[in-house]
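> Once you've had a glance at the structure underneath, I'll fire off some questions.
The values are calculated or read from the model by the stated rules, or taken from the named source; none is laboratory data. Here the structure is a predicted model, which means the values were calculated and not measured. All Cβ positions, even for glycine, are placed from backbone atoms using ideal geometry, and neighbour counts span all protein chains on display.
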Amino acid sequence: MEFGMFHEFPTLGERSHGDAFHEAMEQVDSAERWGLDAMWLAELHFAPDRSVLAAPLTIAAGIAARTSRMKIGIAVQVLPLGHPLRLAEEAATVDQLSRGRLIFGVGRSGVVRSYDAMGVPYLESRERFAEALEVIVGAWTQERFSHEGKYYRFKDVSLVPRPYQQPHPPIRMAASTGDTYAMIGRMGLPMLLSARHVNWDELAEQIRQYRAAWTESDRPGKGSVFVSVPTHLAASEGAARDEAEESVMGFYRYQARLLADSVARAGSVAGERAARAERLRTMTYDQAIRGHTLVGTPGTVSARLKELDDELALDGIMAELNCGGKIPHRRVMSSLRLLCEDVQPRFRSG
């Protein structure tokens, strides 16, 4: 199983954005030193109360320059909000700087206010996403590339630089709505899921749909599934729960407001999100702990993760070590070290 940290570069209350970057990069450096497989970077816009991570490929280039081993994942690049040729150039640049350590996670995002702020109609997001992905892969894999689509048109371009990994960096695709799980299986791509908004039983059904579509498409194997999950580790169960509570519950209340805002903006595509927003608004901490998180000691988290792997056959996790941005840096560092030096060895030793 691949072990990663999902990072939002959270803002830090009254402290400066510079402090937010400094502490996040200290966590990145420690993850490299302590043996974590991958660092995953979000893309979040116009959220000063949440994150400074608006430019994940820029941050990925910085990480590439200060690490030599750890994979660098984007989770996810919101394709409809950027020009696909520029994204292809920047991602290929990161792949070169890292000597082939980039994992290019892609998605549409459900944060409608980001689309509104950038003047991109959210109702066009599915079409824009599909066309952008086609352009990026074409530009990466063809010496000279032309495209005539609904949103993008260009002729005889040659991408520079070429990706380090050939034919291109691995692509993983995010899914969060009912019509996407089977689609990704049919496309033959690894799938990124999240335990944030759905519980483990619901995730099992999403994975079933993905793998059924994969098999029906006559592809070998069963596909690959990676799950992000709010995570916190401490020396005792009580300490882990107490240290994570404010951050986890603040995160879920924030997510409820964010989903409700997207519902108000998204019109006809809002039904599934409306139900999730209400559930998150009323969720208790016990419900969050049982159904959506990995919070506890290294022993209990390892045992739970092995149970989930037996049930879901996961290919990797992306641990959200400070999903609400409220856990102090020193405790995030302690949790990260326990994940790297205790959970990984316990799990991989069988």
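> Considering each of Ala174, Ala204 in turn, give the residue that is out of contact with any Pro (no Cβ under 9 Å at 6 or more places or on another chain), closer than 20 Å to Phe104 by Cα and not β-branched (Val, Ile, Thr).
Numbers: Ala204 fails: closer than 20 Å to Phe104 by Cα.
Answer to the selection: Ala174.
> Take the residues of segment 154-208 that are out of contact with any Asp or Glu (no Cβ under 8 Å at 6 or more places or on another chain) and of a type in the set (Ser, Thr, Tyr): which is farthest from Arg304 (Cα to Cα)?
Thr180
> Look at segment 3-38 and say how many of its residues are without any contact (Cβ under 8 Å) to a residue 12 or more places away in the chain and closer than 25 Å to Phe226 by Cα.
Step one: list which residues in segment 3-38 are without any contact (Cβ under 8 Å) to a residue 12 or more places away in the chain, which gives 13-16, 18-19, 22, 33.
This time we only want the ones that are closer than 25 Å to Phe226 by Cα, so: 33.
Result for segment 3-38: 1.
> Could you check segment 63-88 and list, in sequence order, the residues that are surrounded by fewer than 17 Cβ atoms within 10 Å (Cβ to Cβ) and in a helix (DSSP H, G or I)?
Ala65, Arg66, Arg86
> Next question, about the same structure. What residue, of Ser194, Ser224, is within 30 Å of Arg253 (Cβ to Cβ) and surrounded by 14 or more Cβ atoms within 10 Å (Cβ to Cβ)? Before you say what the answer is, go through the steps one by one.
On the way: Ser224 fails: within 30 Å of Arg253 (Cβ to Cβ).
None of the others qualify; the one that does is Ser194.
> Moving on to the next point. Only one of these is over 13 Å from Glu89 (Cα atoms), out of contact with any Gly (no Cβ under 6 Å at 6 or more places or on another chain), in a loop (DSSP other than H, G, I, E, B) and not hydrophobic (A, V, I, L, M, F, W, C): Asp156, Asp179. Name it.
Values: Asp156 fails: in a loop (DSSP other than H, G, I, E, B).
Step by step, each of Asp156, Asp179 is checked, and only Asp179 is over 13 Å from Glu89 (Cα atoms), out of contact with any Gly (no Cβ under 6 Å at 6 or more places or on another chain), in a loop (DSSP other than H, G, I, E, B) and not hydrophobic (A, V, I, L, M, F, W, C).
> Show the residue pairs meeting these rules: Cβ distance below 9 Å; 6+ apart or different chains; first residue within segment 148-173 and touching a residue at least 12 places away in the same chain (Cβ under 8 Å) and among the hydroxyl-bearing types (Ser, Thr, Tyr); second residue surrounded by fewer than 17 Cβ atoms within 10 Å (Cβ to Cβ) and assigned to a loop (DSSP other than H, G, I, E, B).
Tyr152/His83; Ser158/Gln142; Ser158/Glu143; Ser158/Arg144; Tyr164/Arg99; Tyr164/Gly100
> Right, next: Tally up the residues in segment 43-62 that are surrounded by fewer than 24 Cβ atoms within 10 Å (Cβ to Cβ) and either in a loop (DSSP other than H, G, I, E, B) or among the acidic types (Asp, Glu) (or both), please. Break it down into steps so the answer makes sense when it comes.
First, pick out the residues of segment 43-62 that are surrounded by fewer than 24 Cβ atoms within 10 Å (Cβ to Cβ): 44-55, 57-58, 61-62.
This time we only want the ones that are either in a loop (DSSP other than H, G, I, E, B) or among the acidic types (Asp, Glu) (or both), so: 44-50, 52-55.
Result for segment 43-62: 11.
> Still on this structure, I have one more. Can Arg33 be described as in a helix (DSSP H, G or I), of a type in the set (Lys, Arg) and under 19 Å from the mean Cα position of the chain (by Cα)?
Working: in a helix (DSSP H, G or I): yes; of a type in the set (Lys, Arg): yes; under 19 Å from the mean Cα position of the chain (by Cα): no.
When the stated conditions are applied, Arg33 does not pass them.
> Something else now. Here are some conditions: (1) farther than 30 Å from Asp342 by Cβ; (2) surrounded by 14 or more Cβ atoms within 10 Å (Cβ to Cβ). Asp179 meets all but one. Which one does it not meet?
(2)
> Something else about it: Can you tell me which condition Asp201 does not meet? The list is (1) of a type in the set (Asp, Glu); (2) modelled with pLDDT of 95 or more; (3) exposed (fewer than 15 other Cβ atoms within 10 Å of the Cβ); (4) part of a helix (DSSP H, G or I), and all the others hold.
Status for Asp201: all satisfied but (2).
> With Met5, Met39 as the choices, which residue is under 20 Å from Gly105 (Cα atoms), in contact with a His (Cβ under 8 Å, 6 or more places away or on another chain) and either of a type outside the set (Phe, Trp, Tyr) or surrounded by fewer than 18 Cβ atoms within 10 Å (Cβ to Cβ) (or both)?
Details: Met5 fails: in contact with a His (Cβ under 8 Å, 6 or more places away or on another chain).
From the options Met5, Met39, the qualifying one is Met39.
> Do you know which residues across segment 317-328 are on the phi < 0 side of the Ramachandran plot and buried (at least 18 other Cβ atoms within 10 Å of the Cβ)? Reasoning before the result, please.
Going residue by residue through segment 317-328, those that are on the phi < 0 side of the Ramachandran plot are 317-324, 326-328.
The answer is Ile317, Met318, Ala319, Glu320, Leu321, Asn322, Cys323, Gly324, Lys326, Ile327.
> Restricting to segment 94-121, give me the number of residues that are more than 20 Å from the chain's Cα centre (by Cα) and in contact (Cβ under 8 Å) with a residue 12 or more places away in the chain.
First pass over segment 94-121, keeping only residues more than 20 Å from the chain's Cα centre (by Cα): 96-97, 99, 116-121.
With in contact (Cβ under 8 Å) with a residue 12 or more places away in the chain added as a condition, the list becomes 96-97, 99, 116-118, 120.
Result for segment 94-121: 7.
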